[in-house]
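Heads up: the structure comes next, in structure tokens.
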Amino acid sequence: MTIWQCVMGCGACCNLDPTDRPDLENYLTIEELTHYHNLVGKGGWCINFNHDTRKCRIYKERPNFCRVTPKIFEKMYKIKESEFNGFAIECCQQQIAGIYGENSLEMKHYNQEVIIDGKIKGE
């Protein structure tokens, strides 16, 4: 089984630039969409993202659309729990590539944490 994990010191998902996510209205409620737009700050980064530590200032209280769990992904994206890990890993890789680059240290770090010997950890 493929196991998704967040990698500390990345923060790529905290870049909320709505122009990079044109389908937000397809998976967020009107209230969530308003909240999402209110979180977007300079350069598309979440106003709660600490660029020095690369951590969320409100992690424990972050909105559901910032949480990566099988139940939330099923509700938001209609992803079956059995498909969650592969989908979440691919989302992270796409976001990291878009923010930092495909050959960035962040991508290498993420892949080292998730992929071993050409296979995703846990497979």
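Please treat every number below as a calculation from the coordinates, not as lab data. As the structure is a prediction and not an experimental result, all values here were calculated from the model. Every residue, glycine as well, gets a Cβ built from its backbone with ideal geometry; the counts of neighbours run over all protein chains shown.
In region 51-67 there is no residue matching the filter, namely being of a type in the set (F, W, Y), in contact (Cβ under 8 Å) with a residue 12 or more places away in the chain and in contact with a strand residue (DSSP E or B) (Cβ under 8 Å, 6 or more places away or on another chain). Against the definition (in contact (Cβ under 8 Å) with a residue 60 or more places away in the chain and out of contact with any Ser or Thr (no Cβ under 6 Å at 6 or more places or on another chain)), how does Y110 come out, yes or no? Here the answer is yes, as Y110 does meet what is asked.
Does region 30-53 include one or more residues that are over 20 Å from L16 (Cβ atoms) and surrounded by fewer than 17 Cβ atoms within 10 Å (Cβ to Cβ)? Walk me through how you get there before you give the answer.
Quick first cut of region 30-53, residues over 20 Å from L16 (Cβ atoms) only: none.
Looking for residues that are over 20 Å from L16 (Cβ atoms) and surrounded by fewer than 17 Cβ atoms within 10 Å (Cβ to Cβ), one finds none in region 30-53, hence no.
Would you say A88 is touching a residue at least 24 places away in the same chain (Cβ under 8 Å) and surrounded by 13 or more Cβ atoms within 10 Å (Cβ to Cβ)? Against the criterion (touching a residue at least 24 places away in the same chain (Cβ under 8 Å) and surrounded by 13 or more Cβ atoms within 10 Å (Cβ to Cβ)), A88 qualifies.
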